[in-house]
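K.L.:
I am attaching a structure below and will ask some questions about it afterwards.
The values are calculated or read from the model by the stated rules, or taken from the named source; none is laboratory data. Here the structure is a predicted model, which means the values were calculated and not measured. In this analysis, Cβ positions are derived from the backbone assuming ideal geometry, glycine residues included, and neighbour counts consider all displayed protein chains. Protein only, heavy atoms only, side chains kept; ligands, DNA and RNA dropped before computing areas. Shrake-Rupley method; radii C 1.70, N 1.55, O 1.52, S 1.80 Å.
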Amino acid sequence: MNTRYTSTAIALHWLIALGILASFSLGLYMTDLSLSPTKLKLYSWHKWAGVTLFALIVFRLGWRLTHPAPALPDTMPPALRLAAGAAHWVLYGLMLAIPLSGWLMSSAKGFQTVWFGVLPLPDLLAKDAALGDTLKAVHEWLNYSLLGMVVLHSGAALKHHFIDRDSVLTRMLPRFRKS
């Protein structure tokens, strides 16, 4: 029985976690800046990160569907097992919805997304300022929802490690080989 996630799943988990942290931080920082070339550059970087994270999350979701997670500890009550599974699927849903809402918002506001300044992505909506403002609020709400879920997810992992003293956290930690 597999007691750890695959190396690919672990790498994707931490890469995406770092990417989300960076993108969220950049998003908070850039929104309050005055219009300037720096602000426009940061918006481009934020969009590039969002598109890249979306691709990584789609890959991770495909990996997850074809490589089942290790079983939860037998000591976990069924209701907590169900809650853990639901929380993971909510995380996946938010991680997919956030970049999509950003792309939709960008399209509605009339700013095409050009991945790394090279690959123009099609606008998903026609320009509509009012819809763009609504999508901005949706994008922000989804991000704060993800922040709440990440806090819950991290807290649960730490509870498993320090209180329950089971392997739930360590099965997602990278293994470092001793020389």
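K.L.:
Given labels modelled 7 Å from the Cα in the Cβ direction, how far is it in nm from MET30 to TRP63?
P.N.:
Result: 2.5 nm between the two label points.
K.L.:
Also, quick follow-up: Of the listed peptides 72-83, 22-33, 38-49, what is their order by residue-averaged count of other C-beta atoms within 10 Å, with the highest listed first?
P.N.:
In decreasing order of mean packing, 72-83, 22-33, 38-49 become 38-49, 22-33, 72-83.
K.L.:
For the chain, take the longest principal axis of its alpha carbons; what is the angle in degrees between that and the long axis of helix 129-159, to the nearest 10 within 0 to 90?
P.N.:
20 degrees
K.L.:
Report, to the nearest 10°, how far helix 37-66 tilts away from the longest principal axis of the Cα atoms in the chain, using its own Cα long axis and a range of 0 to 90°.
P.N.:
Tilt of helix 37-66: around 40 degrees.
K.L.:
Here's another thing I want to ask about it. For the full complex of protein chains and a 1.4 angstrom probe, list ILE98, ILE20, ILE163 by accessible area with the highest value first.
P.N.:
Details: ILE98 20, ILE20 40, ILE163 125 Å².
Ranked from most to least accessible, the order is ILE163, ILE20, ILE98.
K.L.:
Straight distance only, please: which lysines reach the Cα of LYS127 with their own Cα at less than 18 Å, same-chain residues fewer than 8 apart left out?
P.N.:
LYS47, LYS109, LYS136
K.L.:
Right, here's the next one. Give me the 1.4 Å probe accessible area per residue for segment 31-179, excluding ligands and nucleic acids, in Å².
P.N.:
64 Å²
K.L.:
Further question: Give a quick list of chymotrypsin sites (Phe, Trp or Tyr not before Pro) in segment 84-151 that DSSP marks as loop, anything other than H, G, I, E or B, with at most 15 other Cβ atoms within 10 Å.
P.N.:
Sites meeting the loop and neighbour criteria: PHE116.
K.L.:
Of all trypsin sites (Lys or Arg not before Pro) in segment 143-172, which ones are in loop regions per DSSP and have a Cβ with at most 15 other Cβ atoms within 10 Å? Before the final figure, lay out the partial values.
P.N.:
Values: sites: LYS159, ARG165, ARG171; in loops: ARG165.
Sparse-neighbourhood loop trypsin sites (Lys or Arg not before Pro): ARG165.
K.L.:
Another question, then. Residues with beta-carbon under 13 Å from that of TRP103, excluding TRP103: net charge, scoring Lys, Arg +1 and Asp, Glu -1?
P.N.:
Charge balance in the 13 Å sphere: +2.
K.L.:
Taking the alpha-carbon centroid of each part, what is the distance from segment 122-179 to segment 23-93 in angstrom?
P.N.:
When both Cα centres are located, 5 Å separates them.
K.L.:
Considering only protein heavy atoms and a 1.4 Å probe, what is the carbon-and-sulfur percentage of the accessible area of the chain?
P.N.:
Values: 8010 of 11320 Å².
Result for the chain: 71 percent of the exposed heavy-atom area is carbon or sulfur.
K.L.:
Note the angle between two axes, namely the Cα long axis of helix 7-31 and the longest principal axis of the Cα atoms of the chain, as a number of degrees from 0 to 90, rounded to the nearest 10.
P.N.:
With rounding to tens, the tilt is 40 degrees.
K.L.:
What number, in percent, do you get for the relative contact order of the chain if the mean sequence gap of Cα pairs under 8 Å and at least 6 apart is divided by its residue count?
P.N.:
So the answer I get is 24 percent.
K.L.:
On full extension of the chain, what length is gained from LEU125 through ARG81, given 0.36 nm per residue of separation minus the C-alpha to C-alpha distance?
P.N.:
The LEU125-ARG81 span can extend by a further 11.9 nm.
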